[in-house]
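Here's the structure we're looking at; comments come further down.
The values are calculated or read from the model by the stated rules, or taken from the named source; none is laboratory data. Everything numeric in this text was worked out from a predicted model, so none of it was measured. Don't worry about glycine lacking a Cβ; one is built from the backbone with ideal geometry, like all the others, and counts go over all protein chains shown. In case anyone asks, the SASA skips ligands and DNA or RNA and just uses the protein heavy atoms, side chains included. Shrake-Rupley method; radii C 1.70, N 1.55, O 1.52, S 1.80 Å.
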Amino acid sequence: MTAPGGPTPAVASPVAPSARAVFAAAHVVADPFADVSPDAPAAVDWDTTLAFRHHLWSLGLGVAEAMDTAQRGMGLGPDTAAELIRRTAAEARAVGGALVCGAGTDQLAPGADLPAVAAAYERQLAHVEECGARPVLMASRALAAAARGAEDYEEVYGRLLGQAARPVVLHWLGPMFDPALTGYWGSADLDEATETFLRVIAGHPDRVDGVKVSLLDAEREKALRRRLPPGVRCYTGDDFHYPELIEGDEHGHSDALLGVLDPLAPLAARALRSLDEGDTRGFRRVLDPTVPLARHLFEAPTRFYKTGVVLLAWLAGHQDHFTMVGGLQSARSLPHLRRAYELADGLDLFPDPGLAAARMARLAEVYGGQGAYGPRGARV
């Protein structure tokens, strides 16, 4: 399968990073010609979506599938997410690509009680395991709404971990990514929430491969990872402070499961090769300059970062349109998108700078703008 105007899928790189476990949360590519209504199931361009996963594997990165970057809960429904997991798992087996997949409760209608939440989790957990992938137990809006306190989280997660066939990744997504998750783990006080989170892990340490923490608080993540049981990884989901967290300190380091690695994949792969060689300065020299772009993509309202991610995939030639599931391409302003282009161009992220400039100019014209863009973001 080949992405229109994009790369031909390749076998997974035989040299994945060895110093860190790294997964890029990948976006989905919409079918721009599908006749769908706002409340209809998402129309996905499967060939181009899967080709992008091959692009990530070819660089040696793992893929985190059906996560929030793939618009779970923002256009991508549970049935389509299940099909996405099934298809990506088959591709991963074919090339030996590393894969983790999200399991959640997004099939539930509002007002579900705790037993319904647990049952919904169980169905999605079983599907991920049946597909042969490692599950990521995603933070659940339904659980946040139904739980009365910390004990309810401990009950639901304890039940799931007790029946998981293989170690899972626990997912803590902060309210900056999804306001419906405010007070997750039973308290809006992050210190109290952390204690509950750690009790859940301590109850089943052999069933937890790691924790994905997306709180955009580097010091809190460092403190948390020092308290994890031996063998439990901390996968950073901090798209603001990832270079320092992945590099680590004398007390340890974070692995990574990041949405920002979708557009940054080539640079991340280069940086990780330096880290594998023990060259931490080289690692930071490549990755530190990417932070302004990441902070721009993830600026508030943070949950709309996917729009910039898909823009950059289009500009880089991985897909031939800038259309998103649910029409989310309209979630960011033209000045925001233009700045994302300029920052990415300054990082040499576009294989064909001329193509990127031409596409950015076409987008500006759609908005009614005048002028064109040259390489390095210059107006011409």
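Note on region 219-292: enclosed helices (runs of 4 or more DSSP H) holding 3 or more residues that are modelled with pLDDT of 95 or more, under 23 Å from His55 (Cα atoms) and not aliphatic (A, V, I, L, M) are 261-276. On the stretch given as region 42-66, residues that are under 24 Å from Ser214 (Cβ atoms), open to solvent by 30 Å² or more (accessible area, probe 1.4 Å) and aromatic (Phe, Trp, Tyr) total 0. The listed residues are Thr194, Thr236, and the only one of them that is open to solvent by less than 20 Å² (accessible area, probe 1.4 Å), within 18 Å of Tyr305 (Cα to Cα), among the polar types (S, T, N, Q) and without any contact (Cβ under 8 Å) to a residue 40 or more places away in the chain turns out to be Thr236.
Report yes if Ser187 is polar (S, T, N, Q), open to solvent by less than 60 Å² (accessible area, probe 1.4 Å) and under 21 Å from Ala81 (Cβ atoms), otherwise no.
Spelling it out, it is not the case that Ser187 is polar (S, T, N, Q), open to solvent by less than 60 Å² (accessible area, probe 1.4 Å) and under 21 Å from Ala81 (Cβ atoms).
Taking region 296-331 as the range and being part of a helix (DSSP H, G or I) and without any contact (Cβ under 8 Å) to a residue 60 or more places away in the chain as the test, the residues that pass are His296, Leu297, Phe304, Thr307, Gly308, Leu311, Leu312, Trp314, Leu315, Gln329, Ser330.
The number of residues in region 345-354 being under 23 Å from Ala294 (Cβ atoms) and in a helix (DSSP H, G or I) comes to 3. Mind checking which residues of region 42-63 are in a loop (DSSP other than H, G, I, E, B) and either farther than 21 Å from Thr80 by Cβ or at pLDDT below 95 (or both)? Correct list: Ala42, Ala43, Leu59, Gly60, Leu61. Being of a type in the set (Asp, Glu), open to solvent by 30 Å² or more (accessible area, probe 1.4 Å) and at pLDDT 95 or above is the requirement here; does Asp39 meet it? In short, no.
Consider region 140-178 and keep the residues that are open to solvent by 10 Å² or more (accessible area, probe 1.4 Å), under 21 Å from Leu258 (Cβ atoms) and not aromatic (Phe, Trp, Tyr). The one that is modelled with the lowest pLDDT is Met176. The set of residues in region 350-362 that are open to solvent by 20 Å² or more (accessible area, probe 1.4 Å), in contact with a helix residue (DSSP H, G or I) (Cβ under 8 Å, 6 or more places away or on another chain) and of a type in the set (A, V, I, L, M, F, W, C) contains only Leu355.
Between Gly327, Gly371, Gly377, the distinction of being in contact with a helix residue (DSSP H, G or I) (Cβ under 8 Å, 6 or more places away or on another chain) and either surrounded by fewer than 17 Cβ atoms within 10 Å (Cβ to Cβ) or at pLDDT 95 or above (or both) belongs to Gly371 only. Quick check on His27: is it touching a His at 6+ places or on another chain (Cβ under 7 Å), modelled with pLDDT of 95 or more and surrounded by 17 or more Cβ atoms within 10 Å (Cβ to Cβ)? The answer is no for His27.
From the list Thr88, Thr105, Thr80, Thr69, which residue is open to solvent by less than 30 Å² (accessible area, probe 1.4 Å), in contact with a Phe, Trp or Tyr (Cβ under 6 Å, 6 or more places away or on another chain) and of a type outside the set (A, V, I, L, M)?
Thr105
Pairs under 7 Å by beta carbon, first residue free of Cβ contacts under 8 Å to residues at least 60 places away in the same chain in region 49-73, partner hydroxyl-bearing (Ser, Thr, Tyr) and open to solvent by 10 Å² or more (accessible area, probe 1.4 Å), six or more apart or different chains? Listed by first residue and then by second, the contacts come to Trp57/Ser13; Ser58/Ser13. Annotation note: Cβ proximity below 7 Å between a residue of region 201-227 that is under 15 Å from Met176 (Cα atoms) and in contact (Cβ under 8 Å) with a residue 24 or more places away in the chain and a residue that is among the aliphatic types (A, V, I, L, M) and assigned to a loop (DSSP other than H, G, I, E, B) (sequence gap 6+ or interchain) occurs for Leu216/Met176. For Ala340, the conditions (1) in a helix (DSSP H, G or I); (2) more than 21 Å from Arg53 (Cα to Cα); (3) open to solvent by 40 Å² or more (accessible area, probe 1.4 Å) all hold with the exception of (3).
A quick yes/no check of all residues on (1) under 20 Å from Cys101 (Cα atoms); (2) small (Gly, Ala, Ser):
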| position | (1), (2) |
| --- | --- |
| Asp206 | yes, no |
| Ala223 | no, yes |
| Gly237 | yes, yes |
| His241 | no, no |
| Leu261 | yes, no |
| Ser274 | no, yes |
| Thr290 | no, no |
